[in-house]
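The values are calculated or read from the model by the stated rules, or taken from the named source; none is laboratory data. In this text, all values refer to a predicted model and were calculated from it rather than measured experimentally. No Cβ is skipped: glycine too gets one built from the backbone with ideal geometry, and neighbour counts run over all protein chains shown.
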Amino acid sequence: MPLSFRRSKRGFTLIELLVVIAIIAILIGLLLPAVQKVREAAARMKCQNNLKQLGLACHGFHDATGVVPPSRSAGGGFPKLGVPAGAYQGALVWILPYIEQDNIRKAYDIKLHFGHANNRTAVTTKVNVFNCPSTPNSERVAVSWTHGGFTIDNAAVTDYSVINRVSADLVSSFPNNVDAYTDSTAWGPFSYNTGSTYRVMTWSSVTDGLSNTLFYVEDAGRPNGWRANRRLSSTGATVPGAAWCDEASEFGFQGCTPPNDTRPGLQAMNCTNNGEPYAFHTGGISVGLCDGSVRFLRESMDIRMFARMVTAQAGEVNGND
């Protein structure tokens, strides 16, 4: 009878397994940055789509009312829109019906302060289009604070804001008195009311051109305080204006010099989210312009060029950035 031979089964050695694991780790290391870039590109596209919707909503509001939405309604109210004195409102309140949020708008009474108990259901409702997907902690809310005698808690937040004007202290810091705005020419394109100041704007009032003038900008991450891509954990850890209903969400443009939040400053964006343009995108922020278009502005942008985009009636001409 012929002899039969049994062939022994050979498995992987420990060294071979370690080599395979090392190769897989290297491949993951090479692919991870590419995956992260794809994710950020998708998040940035979604953010810009949000801003596009907000811009189109503003045009819908203007078509319906004949005025540009206010950046805020404060102590004096906004009679043109039926808002009485003492009924404080933020910039995003006005456009709810134009971004398919009729239910929230119906639950929100603009004749009452945003902190009134009757508005609680509305102001604690998250509106997805108000939030950038690149911002950490998407479920954060505005912490408890008191305004106008009302205590507001767990209000839904926004990553988008408006710049009402170029601050006088920034203008005075420009060398050689460049772009010396007056009190009237320093303003942005928004209608506005606070105290005795009452200003109604239309698109025809934006004489610098709708495609040259900023409308919505990112000021992301509030109420958590951020400075130069670092979360603040002690002093200044909480910043105001986080809620989409809050009239304090708007701000004047000062610029900032990192790392210590020095104002007025030399950097136009991404220095602090405490009332300055700020985003979690790589290298810049997304903005919406008055004509409804959306642009990505680079972090290296000259601060005077950014200031020229803030103003609506200053007669400046800006080059492309």
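Restricting attention to the range 40-70, and to residues there that are part of a loop (DSSP other than H, G, I, E, B) and not small (Gly, Ala, Ser), which single residue is nearest to residue 95 (Cα to Cα)?
Among them, the one singled out is 69.
I'd like the full set of residues that are touching a Ser or Thr at 6+ places or on another chain (Cβ under 9 Å) and within 22 Å of residue 81 (Cβ to Cβ), limited to the range 181-197.
187, 188, 189, 190, 191, 192, 193, 194
Test residue 295 against the stated conditions and say whether it is closer than 23 Å to residue 173 by Cβ and not polar (S, T, N, Q).
Judged against the criteria, residue 295 is not a match.
Based on what the data block shows, is residue 233 crowded, with 21+ Cβ neighbours inside 10 Å, small (Gly, Ala, Ser) and either under 23 Å from residue 138 (Cβ atoms) or at pLDDT below 95 (or both)?
No; evaluated as a whole, the condition is false for this residue.
Is it true that residue 272 is in contact with a Phe, Trp or Tyr (Cβ under 8 Å, 6 or more places away or on another chain) and crowded, with 19+ Cβ neighbours inside 10 Å?
When the stated conditions are applied, residue 272 passes them.
Within the range 131-146, does at least one residue satisfy the condition of being over 21 Å from the mean Cα position of the chain (by Cα), closer than 28 Å to residue 197 by Cα and in contact (Cβ under 8 Å) with a residue 60 or more places away in the chain?
No: the range 131-146 contains no residue that is over 21 Å from the mean Cα position of the chain (by Cα), closer than 28 Å to residue 197 by Cα and in contact (Cβ under 8 Å) with a residue 60 or more places away in the chain.
With the requirement that a residue be over 20 Å from the mean Cα position of the chain (by Cα) and either over 24 Å from residue 190 (Cβ atoms) or not β-branched (Val, Ile, Thr) (or both), what does the range 101-113 give you?
102, 103, 105, 106, 107, 108, 109, 111, 112, 113
Taking the range 296-316 on its own, how many of its residues are assigned to a helix (DSSP H, G or I), among the hydrophobic types (A, V, I, L, M, F, W, C) and within 21 Å of residue 51 (Cβ to Cβ)?
5
Let me spell it out: the conditions are (1) among the hydroxyl-bearing types (Ser, Thr, Tyr); (2) at pLDDT 95 or above; (3) touching a Cys at 6+ places or on another chain (Cβ under 7 Å), and residue 262 meets all of them except one. Which number is the exception?
Failed condition: (2).
Suppose we keep only residues that are surrounded by 22 or more Cβ atoms within 10 Å (Cβ to Cβ) and of a type in the set (Val, Ile, Thr) within the range 275-302. Which one would you say is farthest from residue 134 (Cα to Cα)? Full working, then the answer.
Initial filter on the range 275-302 (surrounded by 22 or more Cβ atoms within 10 Å (Cβ to Cβ)): 275-280, 285-288, 290, 297.
Pick out the ones that are also of a type in the set (Val, Ile, Thr) and you get 285, 287.
Numbers: 285: 11, 287: 14 Å.
In this case the residue turns out to be 287.
Taking the condition of being closer than 19 Å to residue 103 by Cβ and touching a strand residue (DSSP E or B) at 6+ places or on another chain (Cβ under 6 Å), how many residues in the range 131-156 meet it?
Result for the range 131-156: 1.
Identify all residues within the range 147-167 that are in contact (Cβ under 8 Å) with a residue 40 or more places away in the chain and either among the polar types (S, T, N, Q) or more than 16 Å from residue 47 (Cα to Cα) (or both); write none if there are none.
Matches in the range 147-167: 147, 148, 152, 155, 156, 158, 161, 163, 164, 165, 166, 167.
I need a count of the residues in the range 261-285 that are acidic (Asp, Glu) and under 10 Å from the mean Cα position of the chain (by Cα).
1
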